[in-house]
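Structure first, then comments.
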Amino acid sequence: MIYMILLDKNNKPTNTVYYISAVVYTYLSEHDNIGLTSLYNQVCESVLRHKVNFTFFLLAIDFLFLINKINIDEKGDLYVY
């Protein structure tokens, strides 16, 4: 399976790591620390209103971590710097 970071002509913009990262970052900016599975459930149910492949979701989380936008506390919850 191929995961898209950038948009190509055959893909929906909502199926990119950049889009999912933006959604996750916005959600985390507006809420307190949250666990990974809770974040996944909230983003899928409340924001996107459809399920995202969990591996694809993890790529978005990894991307945000690598660009130093989110961090993990001692309990394992994610938060925005």
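The values are calculated or read from the model by the stated rules, or taken from the named source; none is laboratory data. As the structure is a computational prediction, the values presented were derived from the model and not from experiment. Positions of Cβ are generated from backbone atoms using ideal geometry, with glycine treated the same way; all protein chains shown enter the neighbour counts. Surface accessibility is based on the protein's heavy atoms, side chains included, excluding ligands, DNA and RNA. Shrake-Rupley method; radii C 1.70, N 1.55, O 1.52, S 1.80 Å.
Side notes on the structure shown:
- Heavy-atom accessible surface of the range 11-72: percent carbon and sulfur, 1.4 Å: 54 percent
- The charge dipole of the range 12-79, taken about its Cα centre with unit charges on the Cβ atoms of Lys, Arg (+1), Asp and Glu (-1) only, comes to about 360 debye.
- One chain, two ends: residue 69 and residue 45. Fully extended at 0.36 nm per residue, the span grows by 6.3 nm beyond their Cα-Cα distance.
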